[in-house]
Amino acid sequence: MTATGREPGARVADIGAGTGKYTRSLLSAGYRPTAVDPSADMLRQLQHALPGVPVKVGTAEATGLTASSMDAVTVAQAWHWCDPLAASAELARILRPGGFLGLVWNQLDVSVPWVHRYSRIIHAGDVLRPNFRPVTGPEFVPDASSVTPWSQPMTCGDLVELAKSRSYYLSAAEPVRRRVLANLDWYLFEHLGHRPGEPVELPYLTLSWRMLPAGAPGRRSRP
């Protein structure tokens, strides 16, 4: 989700910006992002990649930004780390009248059978349940949502490395790690018949929600 509904040049607070993956998209679309993240090290990396983008060490619950200073707020792949009630109060505080909150998730498209089985093998825990709607405080109500399919070119080696980056693998004992890798080796090369280095398109979904301040004129009522 970009800052839909706002003209380019609008000020957008990108909360949980990390090293700037989503911030870069906002900037390239013509918006004026301010990156907020609790990690000063990640923000330094962001500044190196995106010089000129203002940064602020802070969280969704305590951004450190001025009240009514932002036309929109985005939280991409980070809302699950936030306290939704405290964060909603803080983000409503920094929004100008007419502003909105955009919440974004990327997840594996498990409607594709081979991806569903892959996600089970690697114990992917970030696949949202059907009809999921993000929890916010009373300051916001849902206005619109969208699902955008896309894919990322990978190799089987990349798929293994992706599995190794997941919290299940990182926190597992060595025997469990060996079992995950053995299952992946069998599934990717024997069962699916891929060759080492062969390109594979990994399907994803981007799920996004636009949330309006509860008192916004013309807002939709909460179901």
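The values are calculated or read from the model by the stated rules, or taken from the named source; none is laboratory data. As the structure is a prediction and not an experimental result, all values here were calculated from the model. Backbone-built Cβ (ideal geometry, glycine too); neighbour counts: all protein chains shown. Accessible surface is based on the protein model in full, side chains and every heavy atom, while ligands, DNA and RNA are left aside. Shrake-Rupley method; radii C 1.70, N 1.55, O 1.52, S 1.80 Å.
With respect to the stated conditions, D71 fails to be in contact (Cβ under 8 Å) with a residue 24 or more places away in the chain and within 13 Å of the chain's Cα centre (by Cα).
Out of the residues in the range 132-144 meeting the condition of being surrounded by 16 or more Cβ atoms within 10 Å (Cβ to Cβ) and in a loop (DSSP other than H, G, I, E, B), tell me which one is farthest from the chain's Cα centre (by Cα). Within the range 132-144, the match that is farthest from the chain's Cα centre (by Cα) is E139. Looking only at residues in the range 187-207 that are charged (D, E, K, R) and within 21 Å of W150 (Cα to Cα), the one that is modelled with the lowest pLDDT is E198.
Any residue at all in the range 115-131 that is acidic (D, E) and either under 14 Å from L202 (Cα atoms) or assigned to a helix (DSSP H, G or I) (or both)? Scanning the range 115-131 turns up no residue that is acidic (D, E) and either under 14 Å from L202 (Cα atoms) or assigned to a helix (DSSP H, G or I) (or both).
Inclusion of S165 among residues that are open to solvent by 40 Å² or more (accessible area, probe 1.4 Å), out of contact with any Ser or Thr (no Cβ under 9 Å at 6 or more places or on another chain) and among the polar types (S, T, N, Q) is warranted.
Going through (1) closer than 15 Å to G102 by Cβ; (2) touching a Ser or Thr at 6+ places or on another chain (Cβ under 7 Å) one by one, K56 falls short only on (1). Annotation: V147 fulfils all but one of (1) open to solvent by less than 60 Å² (accessible area, probe 1.4 Å); (2) closer than 30 Å to M211 by Cβ; the unmet one is (1). All of R179, R129, R117 fail the test of being free of Cβ contacts under 8 Å to residues at least 12 places away in the same chain, out of contact with any Asp or Glu (no Cβ under 8 Å at 6 or more places or on another chain), open to solvent by 60 Å² or more (accessible area, probe 1.4 Å) and more than 30 Å from D14 (Cβ to Cβ), apart from R179.
The residues listed here are L103, L46, L27; of these, the one that is touching a residue at least 60 places away in the same chain (Cβ under 8 Å) and under 17 Å from the mean Cα position of the chain (by Cα) is L103. Only strands (runs of 3 or more DSSP E) whose full extent lies in the range 1-114 are considered here, and the ones with at least 2 residues that are open to solvent by less than 10 Å² (accessible area, probe 1.4 Å) are 11-15, 32-37, 70-76, 95-108.
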